[in-house]
Amino acid sequence: MDATPAISELVKAVRDGFDSGRTRSLRWRLQQLDGLRAFLVERGPELERALRDDLAKNPTESQLTEIGVVLAEVSHTISRLRSWLRPRPVAVPLALAPASASVILEPLGVVLIISPWNYPLQLLLSPLVGALAAGNAVVLKPSELAPATSAVIARFLPRYLDDRSVVVIEGGVAETTELLAERFDHIFYTGNARVARIVSAAAAKNLTPVTLELGGKSPVYVDDTVDIVAAAKRIAWGKFLNAGQTCVAPDYVLATPDVAGRLVEALRGAIASLYGEDPRRTTDFGRIATDAQFDRLSALVSGRTAAIGGGSDEAERYIEPTVLTDVDRTDDVMAQEIFGPILPIVTVTGLDDAIAYIRSGDKPLALYAFTNDKTARRRLLTETSSGAVGFGVTVAHLSVPGLPFGGVGESGSGSYHGRRSVETFSHEKAVLSKPLRPDTLGLVYPPYTPKRASFIRGLLRRLS
């Protein structure tokens with residue numbers, strides 16, 4: 001059967017569902033969020049097995065970074081949605097009095113959500129929370145590079161949601177291309193910058209707004225004002241979580257030669273503490289998702305002498321937690337987002353050099369700093385640009401519902417999580433109401449006699 005008409009028909013059916021008005025009520029929105037929560041709880045075992053098959057994720061890690069993250073987002077949204085949807089009053093200038101003004105959130109329509117393979121559940125369903133809460137109909141496109149997780153979502157999720165307004169479409173590049181040829185009211189894409197340009201170009205044909213959640217080389221600055229051992233544990237946890245396949249993972253470290261030397265030994269101990277002397281033997285350390293990713297990462301390590309790790313096994317797609325030193329700033333490993341368990345340490349002369357290097361590249365999705373120096377913290381905040389900043393911790397900011405999550409420049413555009421998700425998938429409609437009597441606008445109607453002109457000019461001066 002030709003896939004093109006099938007996809008067109010599915011998208012049309014979802015649009016018909018939105019046009020029917022059923023998605024607009026608060027009751028429908030809460031029912032969908034309850035259904036999503038039930039899916040995550042009741043199908044938890046199937047999802048854990050699928051994530052194990054796709055990424056060799058430990059079930060506890062799957063709960064921590066995938067299932068639990070979305071459950072927390074659902075609960076946070078359900079408890080606050082009613083208040084978020086209330087009209088927001090806005091002050092009216094005296095010249096328009098008496099009048100009232102407000103901003104209301106209305107659903108955009110039919111939303112397309114395209115997810116990546118590295119967190120194939122969280123990065124599909126977390127934006128879904130906002131799209132449903134905002135009252136939209138949704139087309140979900142899970143990643144074909146996480147086939148087991150995609151299959152579980154496609155098989156079971158429609159049983160828990162309104163299948164007239166939410167649909168899951170599986171497939172690869174061909175199916176995604178067909179989807180992008182359809183008209184949507186918003187496209188939410190998580191992935192890499194190359195594909196983001198394709199998505200943006202397709203969206204532009206219909207003037208469709210796009211949220212892009214991308215990545216980049218997120219730096220870590222470490223100085224000698226902190227406990228190096230404690231800092232190493234936090235860096236290692238954030239870096240090697242999901243075998244380094246995390247968009248906000250620390251990509252590289254900037255430190256002076258003295259700090260770098262001490263940090264290497266501390267990282268050695270941290271890796272052993274997290275994954276044992278041989279991480280290959282533990283179920284707590286994942287594997288690389290695809291052969292292509294394994295080959296790319298292996299090439300970054302090939303021919304180098306690693307300070308820590310460096311081993312790999314192609315049959316298992318296993319790459320050992322690896323730390324590289326003596327890294328030149330022009331090396332291949334510094335020319336691309338690593339997205340794997342390889343951590344280069346680049347030496348700098350100090351904070352000025354570190355800031356200059358960060359500023360010389362694209363704006364990262366996150367910047368991390370381990371420093372107790374208040375001046376250093378202030379300068380990193382004000383002299384660099386990134387999607388987020390973490391002081392003393394890596395990765396964890398994305399678990400705070402009240403913080404917007406998103407990038408800037410090459411690391412993305414737009415943000416979501418918590419209330420921001422509902423706003424992302426809504427139109428902020430301006431509403432002004434003014435009674436016909438008394439008609440105070442009569443004071444500014446033509447004809448503009450000298451007396452009226454003088455009044456208007458004086459009024460404008462007072463308002464400015």
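The values are calculated or read from the model by the stated rules, or taken from the named source; none is laboratory data. The structure displayed is predicted, hence computed values, not measured ones. Every residue, glycine as well, gets a Cβ built from its backbone with ideal geometry; the counts of neighbours run over all protein chains shown.
If you filter the stretch 43-95 down to residues that are of a type in the set (Val, Ile, Thr) and under 20 Å from the mean Cα position of the chain (by Cα), you find that the one that is nearest to THR283 (Cα to Cα) is THR65.
For first residues located in the stretch 47-72 and more than 19 Å from GLU316 (Cβ to Cβ), partners that are of a type in the set (Phe, Trp, Tyr) and lie 6+ apart or on another chain with Cβ distances below 7 Å form the pairs THR65/TYR119; GLU66/TYR119. State all residues of the stretch 432-448 that are exposed (fewer than 10 other Cβ atoms within 10 Å of the Cβ) and part of a loop (DSSP other than H, G, I, E, B); if no residue qualifies, say none. Of everything in the stretch 432-448, those that are exposed (fewer than 10 other Cβ atoms within 10 Å of the Cβ) and part of a loop (DSSP other than H, G, I, E, B) turn out to be LEU436, ARG437, PRO438, TYR445, PRO446, PRO447. Considering only residues in the stretch 19-41 that are surrounded by fewer than 16 Cβ atoms within 10 Å (Cβ to Cβ) and among the hydroxyl-bearing types (Ser, Thr, Tyr), the one that is farthest from LEU121 (Cα to Cα) turns out to be SER20. Is it true that SER143 is among the small types (Gly, Ala, Ser), touching a helix residue (DSSP H, G or I) at 6+ places or on another chain (Cβ under 7 Å), assigned by TED's automatic domain parsing to the domain that holds ARG37 and within 30 Å of PHE294 (Cβ to Cβ)? In short, yes. So is THR290 without any contact (Cβ under 8 Å) to a residue 60 or more places away in the chain, surrounded by fewer than 20 Cβ atoms within 10 Å (Cβ to Cβ) and of a type in the set (Ser, Thr, Tyr) or not? So THR290 fails the test.
When the stretch 333-353 is filtered for residues that are touching a Pro at 6+ places or on another chain (Cβ under 8 Å), over 23 Å from TYR119 (Cα atoms) and not β-branched (Val, Ile, Thr), only MET334 remains. In this structure, ARG420 does satisfy being surrounded by fewer than 19 Cβ atoms within 10 Å (Cβ to Cβ), under 18 Å from GLU106 (Cα atoms) and among the basic types (Lys, Arg). In the stretch 187-201 there is no residue matching the filter, namely being more than 20 Å from SER413 (Cβ to Cβ) and outside any helix (DSSP H, G or I).
Among residues belonging to the stretch 229-278 that are acidic (Asp, Glu) and surrounded by fewer than 16 Cβ atoms within 10 Å (Cβ to Cβ), point out the one that is nearest to ASP352 (Cα to Cα). Show your work before the answer.
Within the stretch 229-278, the subset acidic (Asp, Glu) is 251, 258, 265, 277-278.
Imposing the further condition that a residue be surrounded by fewer than 16 Cβ atoms within 10 Å (Cβ to Cβ) reduces the set to 258, 265, 277-278.
Numbers: ASP258: 16, GLU265: 25, GLU277: 37, ASP278: 38 Å.
For the stretch 229-278, the residue satisfying everything is ASP258.
From the list ARG86, ARG49, the lone residue that is more than 30 Å from LEU436 (Cβ to Cβ) and either not assigned by TED's automatic domain parsing to the domain that holds TYR318 or not in a helix (DSSP H, G or I) (or both) is ARG49.
Of the residues making up the stretch 409-431, those that are more than 30 Å from PRO93 (Cα to Cα) and in a loop (DSSP other than H, G, I, E, B) number 4. Suppose the filter is assigned by TED's automatic domain parsing to the domain that holds SER386 and over 26 Å from the mean Cα position of the chain (by Cα); does GLU337 pass it? So GLU337 does not fit the description; no. All of VAL323, VAL327 fail the test of being assigned to a strand (DSSP E or B), touching a strand residue (DSSP E or B) at 6+ places or on another chain (Cβ under 7 Å) and in contact (Cβ under 8 Å) with a residue 40 or more places away in the chain, apart from VAL323. A search for C-beta distances below 8 Å between a residue of the stretch 76-100 that is among the aromatic types (Phe, Trp, Tyr) and any residue that is outside any helix (DSSP H, G or I), counting only pairs 6+ apart in sequence or on different chains, returns TRP84/LEU105. Residues of the stretch 111-127 that are surrounded by 24 or more Cβ atoms within 10 Å (Cβ to Cβ) and polar (S, T, N, Q): SER115, ASN118, SER126. Only one entry of VAL103, VAL92 meets the criterion of being part of a loop (DSSP other than H, G, I, E, B) and assigned by TED's automatic domain parsing to the domain that holds ALA174, and that entry is VAL92. For the stretch 430-464, a residue qualifies if it is over 30 Å from VAL103 (Cβ atoms) and touching a residue at least 12 places away in the same chain (Cβ under 8 Å), and exactly one does: PHE455.
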